[in-house]
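So the structure is just underneath, and the comments pick up after that.
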Amino acid sequence: MTSHTPAGAPTWWPAALETTRLLLRPVTTADLPAIERLWRDERVRRYLGGPVSEDRIAIRRRRLPGTPGAFAVERRSTSAVVGLVTVEPGSPRGGTEVSYTLLPDAWGRGLGREAVGEVIRWARGLPGTRSIVAVTQSANVSSRSLLEAVGMLPGDELVEYGERQTIYRLPV
């Protein structure tokens, strides 16, 4: 169980992480236009059940800024938000779960691998974390390659959104 500060936030949050090209920091309301593009883009959502409905976006818009474990992925050279990485300690999938999406103009440059790799390094030190998990649609070759590049191993499969998903794990 995660300990919390008197204000209700977990003691491990907020956090800011840096890589050579990226700053990963808590999501703010100023980040929402870029993040909403992630939720609406058919290419981004191809393996995630399709674009998010406007009703659900309205709910997410209110809840996401400041949410513990939600990192805006910002390019240090331009300060542009190009993605979102989330961390969920105590996930029902049996570990600390990492999820990620990047805008298509950031694809193919190793930014996803850089962001997810840094978040995984950080998440390994979270209280109670014994493994890191991530789930991707089995048909999503790019996402599977990214997870394997950061050291995660494929394991069980399940069906979600009507498609086969692969659960990746990394013991800590």
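The values are calculated or read from the model by the stated rules, or taken from the named source; none is laboratory data. Small disclaimer: the values here were computed from a predicted structure and weren't measured. Please note: Cβ atoms are built from the backbone with ideal geometry, for glycine as well, and neighbour counts cover all protein chains shown. Heavy atoms of the whole protein, side chains included, go into the accessibility calculation; ligands, DNA and RNA do not. Shrake-Rupley method; radii C 1.70, N 1.55, O 1.52, S 1.80 Å.
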The lone condition residue 56 fails out of (1) open to solvent by 30 Å² or more (accessible area, probe 1.4 Å); (2) in contact with a Lys or Arg (Cβ under 9 Å, 6 or more places away or on another chain); (3) farther than 26 Å from residue 110 by Cα is (2)
Test: residue 28 is farther than 23 Å from residue 134 by Cβ and open to solvent by 80 Å² or more (accessible area, probe 1.4 Å)
no
Scanning region 117-138 for residues that are of a type in the set (A, V, I, L, M, F, W, C), part of a helix (DSSP H, G or I) and either within 19 Å of residue 92 (Cβ to Cβ) or open to solvent by less than 40 Å² (accessible area, probe 1.4 Å) (or both) gives 119, 120, 123
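Report the residue count in region 139-172 for those that are surrounded by 17 or more Cβ atoms within 10 Å (Cβ to Cβ) and not in a strand (DSSP E or B).
Pass one, region 139-172, residues surrounded by 17 or more Cβ atoms within 10 Å (Cβ to Cβ): 140, 143-144, 146-147, 150, 152, 165-170.
The next check asks that each one be not in a strand (DSSP E or B); those that pass are 140, 143-144, 146-147, 150, 152.
Number of matching residues: 7.
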Regarding residue 25, is this residue within 27 Å of residue 140 (Cα to Cα) and touching a residue at least 60 places away in the same chain (Cβ under 8 Å)? no
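Specify the residue that is nearest to residue 15 (Cα to Cα); the eligible residues are those in region 94-112 that are small (Gly, Ala, Ser) and open to solvent by less than 70 Å² (accessible area, probe 1.4 Å). Outline the logic, then answer.
Of all residues in region 94-112, those small (Gly, Ala, Ser) come to 94-95, 99, 106, 108, 110, 112.
Okay, now just the ones that are also open to solvent by less than 70 Å² (accessible area, probe 1.4 Å), so 94-95, 99, 106, 110, 112.
Values: 94: 23, 95: 19, 99: 16, 106: 23, 110: 22, 112: 18 Å.
Top of the filtered list is 99.
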The residue that is farthest from residue 58 (Cα to Cα), considering only those in region 3-37 that are at pLDDT below 95 and aliphatic (A, V, I, L, M), is 7
Here the qualifying pairs (Cβ atoms under 6 Å; residues six or more apart or on different chains; first in region 106-135 and β-branched (Val, Ile, Thr); second open to solvent by 70 Å² or more (accessible area, probe 1.4 Å)) come out as 129/172; 133/169
For region 73-93, pairs from a residue that is free of Cβ contacts under 8 Å to residues at least 12 places away in the same chain and open to solvent by 10 Å² or more (accessible area, probe 1.4 Å) to a residue that is among the hydrophobic types (A, V, I, L, M, F, W, C) and part of a strand (DSSP E or B), with Cβ under 9 Å and 6 or more apart or across chains, are 79/23
